[in-house]
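S.K.: This is the structure I want to talk about, given as structure tokens.
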Amino acid sequence: MEIERELITGKEEQILLEYGEDILNSKSFQILKTYQHHFRSNTYAHCVAVTLKALRFAKKMHIKVDVKKLVRGCLLHDYYLYNHRTEERIPWHLTRHPKIAAENAQRDFNISLVEYDMIASHMWPITFLRFPICREGWILVYADKAVSIKERFQKVVNPPINQ
């Protein structure tokens, strides 16, 4: 069964709020602002930046996507709810956090199977046996890598959206 897809039009920030406002405003997602991510960002800002990058990429490349699923999967891709830099180390965080984030997102936001797959496979190729099965997932893989590289090497990261 083919899922209904549409081209992204309009401002990405409006789309982000239309489909992700409940996530952005939830207390559990707000906690991500306190977790350092890629040295110069926090996990909340990273997830928002990845979502906007994914929306812009899909639009620029004229890729038909399920916009709601793209937004929600991207927002929740690092929803693992612990500070891996300061709390007791989770063994194999790099490879285990996608599944943890997907399970947390399922529990807290009742995500779809597409969104679950996006989150659980976003660290491909590091998690080489778990690769995306939908185009939204591949877009997330790209957007996450692009934003992560920028966050790692940019001198100052200006968090997107009002935080």
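S.K.: Roughly how many nanometres apart are two label points built 7 Å out from the Cα toward the Cβ at ALA146 and LEU113?
M.R.: Between ALA146 and LEU113, the label points sit 2.9 nm apart.
S.K.: Exceeding 24 Å between C-alpha atoms, which entries from my cross-link table qualify? They are LYS27/LYS68; LYS60/LYS99; LYS11/LYS60; LYS33/LYS59; LYS64/LYS99. Numbers along the way, then the final one.
M.R.: On the way: LYS27/LYS68 21 Å; LYS60/LYS99 30 Å; LYS11/LYS60 13 Å; LYS33/LYS59 28 Å; LYS64/LYS99 26 Å.
Result: LYS60/LYS99; LYS33/LYS59; LYS64/LYS99 exceed 24 Å.
S.K.: Something else now. Compute the distance in nm between two label points, each set 7 Å from the Cα along the Cα-to-Cβ direction, one at GLU13 and one at ARG96.
M.R.: If labels sit at GLU13 and ARG96, their model points lie 3.9 nm apart.
S.K.: Rounded to the nearest 0.05, what FRET efficiency is calculated for HIS62 and GLU21 with R0 set to 25 Å and r the Cβ-Cβ distance? Before the final figure, lay out the partial values.
M.R.: On the way: r = 26 Å, r/R0 = 1.06.
My answer for the efficiency is 0.40.
S.K.: Which FRET efficiency value, to the nearest 0.05, do you get for LEU129 and GLN30 by plugging their Cβ-Cβ distance into 1/(1 + (r/R0)^6) with R0 = 30 Å? If you can, show how the numbers build up before the last one.
M.R.: Working: r = 33 Å, r/R0 = 1.10.
For R0 = 30 Å, the calculated efficiency reads 0.35.
Since every read-out is calculated from the coordinates, none of them should be taken as a lab result. All values reported here derive from a predicted model rather than from experimental measurement. So basically every Cβ, Gly included, is an ideal-geometry build from the backbone, and we count neighbours across all protein chains shown.
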